[in-house]
Amino acid sequence: MREVLTTEMMGKGTSAAFREFYGVPQEQTADPRRVSSGKLSVLRKHPYFVDLTPEAFEQLCRYAKHTVLKRGTTIFSKGDPGNSLMVVITGTVKISISSPDGRNAILNLIGPGEVFGEMSVLSGQPRSADGIANSNCELFVIDRREFLPFVRSQPSLAMKFIELLCERVRQTSDQVEQVILQDLPGRLASALLRLSDKSEPQGRTITITQQELSEMVGMTRESINKQLRAWAAHNWVRLEHGAIVVLDAAAIKELAEAGVDEDG
Ligand code: CMP
(Lines give C-alpha, C1' and ligand atoms only; values in the text may rest on other atoms or scores of the structure.)
Protein backbone atom coordinates (compact mmCIF):
# COMPACT_ATOMS: atom_id res chain seq x y z
CA MET A 1 0.00 0.00 0.00
CA ARG A 2 1.33 3.45 -0.87
CA GLU A 3 1.89 5.74 2.09
CA VAL A 4 0.96 9.06 0.57
CA LEU A 5 -2.37 10.33 -0.61
CA THR A 6 -1.37 12.43 -3.60
CA THR A 7 -2.62 15.93 -4.19
CA GLU A 8 -3.80 14.81 -7.60
CA MET A 9 -6.10 12.34 -5.90
CA MET A 10 -7.19 14.96 -3.38
CA GLY A 11 -8.11 17.12 -6.37
CA LYS A 12 -10.43 14.36 -7.63
CA GLY A 13 -12.69 14.80 -4.61
CA THR A 14 -11.40 13.78 -1.26
CA SER A 15 -13.81 11.02 -0.34
CA ALA A 16 -13.50 9.21 -3.66
CA ALA A 17 -9.74 9.63 -3.59
CA PHE A 18 -9.40 8.19 -0.08
CA ARG A 19 -11.67 5.29 -1.01
CA GLU A 20 -9.81 4.52 -4.20
CA PHE A 21 -6.42 4.93 -2.58
CA TYR A 22 -6.98 2.86 0.56
CA GLY A 23 -9.54 0.44 -0.76
CA VAL A 24 -11.75 1.56 2.11
CA PRO A 25 -15.18 -0.08 1.84
CA GLN A 26 -17.94 2.21 0.62
CA GLU A 27 -19.86 2.08 3.90
CA GLN A 28 -16.87 3.47 5.80
CA THR A 29 -16.86 6.67 3.78
CA ALA A 30 -20.54 6.76 2.98
CA ASP A 31 -22.68 9.85 2.67
CA PRO A 32 -22.71 11.28 6.19
CA ARG A 33 -26.51 11.30 6.15
CA ARG A 34 -26.04 7.57 6.61
CA VAL A 35 -23.18 7.96 9.07
CA SER A 36 -24.22 7.11 12.64
CA SER A 37 -25.62 9.95 14.71
CA GLY A 38 -22.78 9.33 17.20
CA LYS A 39 -20.23 10.46 14.62
CA LEU A 40 -22.35 13.38 13.45
CA SER A 41 -22.70 14.49 17.06
CA VAL A 42 -18.96 15.32 16.92
CA LEU A 43 -19.94 18.02 14.42
CA ARG A 44 -23.22 18.96 16.14
CA LYS A 45 -21.55 19.44 19.55
CA HIS A 46 -18.46 21.05 18.10
CA PRO A 47 -18.03 24.59 19.48
CA TYR A 48 -17.58 25.94 15.93
CA PHE A 49 -20.77 24.40 14.59
CA VAL A 50 -23.02 24.33 17.65
CA ASP A 51 -24.65 27.69 16.81
CA LEU A 52 -25.55 26.80 13.21
CA THR A 53 -29.26 26.69 12.40
CA PRO A 54 -30.62 23.18 11.74
CA GLU A 55 -30.73 24.02 8.00
CA ALA A 56 -27.12 25.21 7.92
CA PHE A 57 -26.02 22.17 9.95
CA GLU A 58 -27.76 19.87 7.48
CA GLN A 59 -25.92 21.61 4.67
CA LEU A 60 -22.59 21.11 6.50
CA CYS A 61 -23.40 17.40 6.94
CA ARG A 62 -23.89 17.07 3.19
CA TYR A 63 -20.37 18.45 2.68
CA ALA A 64 -18.61 16.41 5.40
CA LYS A 65 -17.26 13.12 4.04
CA HIS A 66 -16.52 10.44 6.63
CA THR A 67 -13.06 8.94 6.13
CA VAL A 68 -11.08 6.19 7.84
CA LEU A 69 -7.27 6.28 7.77
CA LYS A 70 -4.58 3.87 8.90
CA ARG A 71 -1.82 4.91 11.31
CA GLY A 72 1.14 6.39 9.42
CA THR A 73 -0.87 7.63 6.44
CA THR A 74 0.32 10.95 5.04
CA ILE A 75 -2.82 13.07 4.73
CA PHE A 76 -0.94 15.95 3.11
CA SER A 77 2.60 17.26 2.86
CA LYS A 78 3.95 20.76 3.35
CA GLY A 79 3.61 22.65 0.05
CA ASP A 80 0.56 20.72 -1.21
CA PRO A 81 -2.46 22.71 -2.29
CA GLY A 82 -5.05 22.97 0.49
CA ASN A 83 -8.09 21.29 -0.98
CA SER A 84 -9.88 20.34 2.20
CA LEU A 85 -10.55 21.04 5.85
CA MET A 86 -10.59 18.14 8.35
CA VAL A 87 -12.30 17.49 11.67
CA VAL A 88 -10.92 14.62 13.78
CA ILE A 89 -13.60 12.20 15.03
CA THR A 90 -11.29 9.60 16.61
CA GLY A 91 -7.51 9.18 16.76
CA THR A 92 -4.70 11.71 16.54
CA VAL A 93 -3.13 13.57 13.63
CA LYS A 94 0.46 14.74 13.84
CA ILE A 95 1.31 18.17 12.38
CA SER A 96 5.04 18.25 11.72
CA ILE A 97 7.81 19.67 9.58
CA SER A 98 11.01 17.97 8.52
CA SER A 99 14.42 19.10 7.31
CA PRO A 100 16.16 17.74 4.19
CA ASP A 101 18.57 15.80 6.46
CA GLY A 102 15.64 13.91 7.99
CA ARG A 103 15.16 15.77 11.28
CA ASN A 104 11.58 16.13 12.38
CA ALA A 105 9.77 18.72 14.51
CA ILE A 106 6.23 18.12 15.74
CA LEU A 107 4.22 21.35 15.86
CA ASN A 108 1.05 19.86 17.26
CA LEU A 109 -1.01 16.73 17.85
CA ILE A 110 -4.61 17.20 16.76
CA GLY A 111 -7.12 15.10 18.70
CA PRO A 112 -10.83 14.26 18.60
CA GLY A 113 -13.09 17.27 18.01
CA GLU A 114 -10.24 19.42 16.69
CA VAL A 115 -10.01 20.98 13.25
CA PHE A 116 -6.92 21.14 11.03
CA GLY A 117 -6.02 22.15 7.50
CA GLU A 118 -7.88 25.47 7.84
CA MET A 119 -4.86 27.69 7.09
CA SER A 120 -4.42 26.84 3.42
CA VAL A 121 -8.16 26.33 2.89
CA LEU A 122 -8.87 29.89 4.06
CA SER A 123 -5.79 31.60 2.61
CA GLY A 124 -5.38 29.74 -0.68
CA GLN A 125 -1.70 29.25 0.22
CA PRO A 126 0.01 25.83 0.18
CA ARG A 127 -0.08 23.53 3.25
CA SER A 128 2.14 24.98 5.98
CA ALA A 129 3.17 21.58 7.44
CA ASP A 130 2.78 17.83 6.99
CA GLY A 131 -0.32 16.09 8.36
CA ILE A 132 0.12 12.41 9.27
CA ALA A 133 -2.26 9.96 10.96
CA ASN A 134 -0.52 9.28 14.27
CA SER A 135 -2.95 6.45 15.04
CA ASN A 136 -5.82 4.88 13.11
CA CYS A 137 -8.11 7.85 12.57
CA GLU A 138 -11.62 8.75 11.57
CA LEU A 139 -12.06 12.17 10.04
CA PHE A 140 -14.68 14.34 8.47
CA VAL A 141 -13.23 15.94 5.34
CA ILE A 142 -14.85 19.04 3.86
CA ASP A 143 -13.91 20.15 0.37
CA ARG A 144 -12.61 23.71 0.09
CA ARG A 145 -14.95 24.46 -2.86
CA GLU A 146 -17.92 23.77 -0.60
CA PHE A 147 -16.50 25.11 2.64
CA LEU A 148 -15.54 28.60 1.39
CA PRO A 149 -19.01 29.63 0.17
CA PHE A 150 -20.49 28.06 3.32
CA VAL A 151 -18.23 30.01 5.71
CA ARG A 152 -18.95 33.22 3.76
CA SER A 153 -22.65 32.67 4.38
CA GLN A 154 -22.14 32.08 8.14
CA PRO A 155 -20.48 35.13 9.77
CA SER A 156 -20.48 33.56 13.25
CA LEU A 157 -18.63 30.53 11.87
CA ALA A 158 -16.12 32.86 10.18
CA MET A 159 -15.52 34.48 13.60
CA LYS A 160 -14.84 31.04 15.12
CA PHE A 161 -12.20 30.39 12.47
CA ILE A 162 -10.62 33.79 13.14
CA GLU A 163 -10.39 32.73 16.81
CA LEU A 164 -8.77 29.44 15.75
CA LEU A 165 -6.18 31.28 13.66
CA CYS A 166 -5.45 33.61 16.60
CA GLU A 167 -4.97 30.51 18.75
CA ARG A 168 -2.50 29.09 16.20
CA VAL A 169 -0.48 32.34 16.29
CA ARG A 170 -0.57 32.37 20.11
CA GLN A 171 0.60 28.76 20.27
CA THR A 172 3.40 29.43 17.82
CA SER A 173 4.61 32.46 19.78
CA ASP A 174 4.44 30.42 23.00
CA GLN A 175 6.62 27.79 21.33
CA VAL A 176 9.13 30.41 20.17
CA GLU A 177 9.19 31.86 23.69
CA GLN A 178 9.80 28.41 25.16
CA VAL A 179 12.64 27.64 22.75
CA ILE A 180 14.36 30.97 23.37
CA LEU A 181 13.65 31.62 27.04
CA GLN A 182 12.99 28.31 28.75
CA ASP A 183 15.47 25.66 29.74
CA LEU A 184 14.91 22.08 28.61
CA PRO A 185 12.93 20.87 31.65
CA GLY A 186 10.73 23.97 31.44
CA ARG A 187 10.01 23.24 27.76
CA LEU A 188 9.16 19.64 28.53
CA ALA A 189 6.89 20.67 31.42
CA SER A 190 5.12 23.23 29.16
CA ALA A 191 4.57 20.58 26.49
CA LEU A 192 3.12 18.13 29.04
CA LEU A 193 0.72 20.80 30.32
CA ARG A 194 -0.39 21.73 26.80
CA LEU A 195 -0.97 18.09 25.88
CA SER A 196 -2.69 17.18 29.15
CA ASP A 197 -5.13 20.08 28.67
CA LYS A 198 -6.68 18.18 25.79
CA SER A 199 -6.28 14.57 26.93
CA GLU A 200 -8.78 12.14 28.35
CA PRO A 201 -9.66 11.03 30.95
CA GLN A 202 -9.49 13.99 33.31
CA GLY A 203 -6.63 15.46 31.36
CA ARG A 204 -4.05 13.18 32.94
CA THR A 205 -3.00 10.45 30.54
CA ILE A 206 -1.08 11.73 27.52
CA THR A 207 -0.74 9.20 24.72
CA ILE A 208 2.66 10.07 23.28
CA THR A 209 6.01 8.34 22.88
CA GLN A 210 9.23 9.80 24.27
CA GLN A 211 10.52 10.05 20.67
CA GLU A 212 7.50 12.21 19.77
CA LEU A 213 8.05 14.36 22.85
CA SER A 214 11.66 14.85 21.81
CA GLU A 215 10.51 16.02 18.36
CA MET A 216 8.04 18.36 20.00
CA VAL A 217 10.36 20.12 22.46
CA GLY A 218 13.71 19.81 20.66
CA MET A 219 15.48 17.64 23.26
CA THR A 220 17.13 14.27 22.63
CA ARG A 221 15.07 11.21 23.51
CA GLU A 222 17.71 10.31 26.12
CA SER A 223 17.35 13.70 27.85
CA ILE A 224 13.57 13.36 27.79
CA ASN A 225 13.82 9.91 29.36
CA LYS A 226 16.24 11.09 32.04
CA GLN A 227 14.06 14.06 32.95
CA LEU A 228 10.83 12.06 33.00
CA ARG A 229 12.40 9.37 35.20
CA ALA A 230 13.51 12.09 37.64
CA TRP A 231 9.95 13.46 37.74
CA ALA A 232 8.56 9.93 38.12
CA ALA A 233 10.80 9.48 41.18
CA HIS A 234 9.01 12.51 42.70
CA ASN A 235 5.62 10.98 41.79
CA TRP A 236 4.89 13.97 39.58
CA VAL A 237 4.37 11.70 36.53
CA ARG A 238 4.01 7.99 35.86
CA LEU A 239 5.61 6.48 32.76
CA GLU A 240 3.57 3.93 30.83
CA HIS A 241 4.21 2.20 27.52
CA GLY A 242 3.48 4.89 24.88
CA ALA A 243 1.94 7.21 27.47
CA ILE A 244 2.71 9.59 30.33
CA VAL A 245 0.33 10.11 33.25
CA VAL A 246 0.54 13.51 34.94
CA LEU A 247 0.07 12.81 38.67
CA ASP A 248 0.89 16.27 40.03
CA ALA A 249 -0.13 18.96 37.58
CA ALA A 250 0.72 21.72 40.08
CA ALA A 251 4.35 20.57 40.29
CA ILE A 252 4.65 20.36 36.50
CA LYS A 253 3.09 23.82 36.16
CA GLU A 254 5.61 25.21 38.61
CA LEU A 255 8.45 23.75 36.52
CA ALA A 256 6.95 25.22 33.35
CA GLU A 257 6.64 28.68 34.90
CA ALA A 258 10.05 28.68 36.52
CA GLY A 259 11.81 26.92 33.66
CA VAL A 260 14.23 25.61 36.28
CA ASP A 261 16.30 22.48 35.97
CA GLU A 262 15.36 19.57 38.20
CA ASP A 263 17.50 16.48 38.21
CA GLY A 264 15.73 14.81 41.11
P1 CMP B 1 -2.66 24.03 6.66
O2 CMP B 1 -1.56 24.99 6.44
O3 CMP B 1 -3.77 23.99 5.69
O4 CMP B 1 -2.02 22.57 6.76
C5 CMP B 1 -1.22 22.27 7.88
C6 CMP B 1 -2.07 22.49 9.09
O7 CMP B 1 -1.43 22.27 10.32
C8 CMP B 1 -2.46 23.96 9.17
O9 CMP B 1 -3.32 24.24 8.11
C10 CMP B 1 -3.01 24.04 10.55
O11 CMP B 1 -4.30 23.47 10.64
C12 CMP B 1 -2.01 23.12 11.27
N13 CMP B 1 -0.88 23.90 11.82
C14 CMP B 1 0.08 24.51 11.15
N15 CMP B 1 0.96 25.10 11.98
C16 CMP B 1 0.55 24.83 13.20
C17 CMP B 1 1.06 25.15 14.48
N18 CMP B 1 2.18 25.84 14.66
N19 CMP B 1 0.37 24.71 15.53
C20 CMP B 1 -0.74 23.99 15.34
N21 CMP B 1 -1.26 23.64 14.16
C22 CMP B 1 -0.62 24.07 13.10
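The values are calculated or read from the model by the stated rules, or taken from the named source; none is laboratory data. As the structure is a computational prediction, the values presented were derived from the model and not from experiment. Glycine also receives a Cβ, built like all others from the backbone with ideal geometry; neighbour counts cover every protein chain displayed. We work out accessible area using only protein heavy atoms, side chains counted, and drop any ligands, DNA or RNA first. Shrake-Rupley method; radii C 1.70, N 1.55, O 1.52, S 1.80 Å.
Values as computed for the structure displayed
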{"item": "Qualifying residues in region 68-81 (those that are within 16 Å of the ligand (Cβ to nearest atom) and charged (D, E, K, R)) - the one most open to solvent (accessible area, probe 1.4 Å)", "result": "Lys78"}
{"item": "Given (1) touching a helix residue (DSSP H, G or I) at 6+ places or on another chain (Cβ under 7 Å); (2) under 28 Å from Lys45 (Cβ atoms); (3) modelled with pLDDT under 95, index of the condition Val121 fails", "result": "(3)"}
{"item": "So Lys65, is it open to solvent by 30 Å² or more (accessible area, probe 1.4 Å) and outside any strand (DSSP E or B)", "result": "no"}
{"item": "Among (1) within 9 Å of the ligand (Cβ to nearest atom); (2) not in a strand (DSSP E or B) - the single one Met86 does not satisfy", "result": "(2)"}
{"item": "Those residues of region 156-188 which are farther than 28 Å from Gln227 by Cβ, under 19 Å from the mean Cα position of the chain (by Cα) and of a type in the set (A, V, I, L, M), in sequence order", "result": "Ile162, Leu164, Leu165, Val169"}
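Conditions tested, residue by residue: (1) among the polar types (S, T, N, Q); (2) in contact with a Pro (Cβ under 6 Å, 6 or more places away or on another chain); (3) modelled with pLDDT of 90 or more; (4) open to solvent by less than 20 Å² (accessible area, probe 1.4 Å).
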{"site": "Asp197", "(1), (2), (3), (4)": "no, no, no, no"}
{"site": "Ser223", "(1), (2), (3), (4)": "yes, no, yes, no"}
{"site": "His234", "(1), (2), (3), (4)": "no, no, yes, no"}
{"site": "Ala243", "(1), (2), (3), (4)": "no, no, yes, yes"}
{"site": "Ala249", "(1), (2), (3), (4)": "no, no, yes, no"}
{"site": "Lys253", "(1), (2), (3), (4)": "no, no, yes, no"}
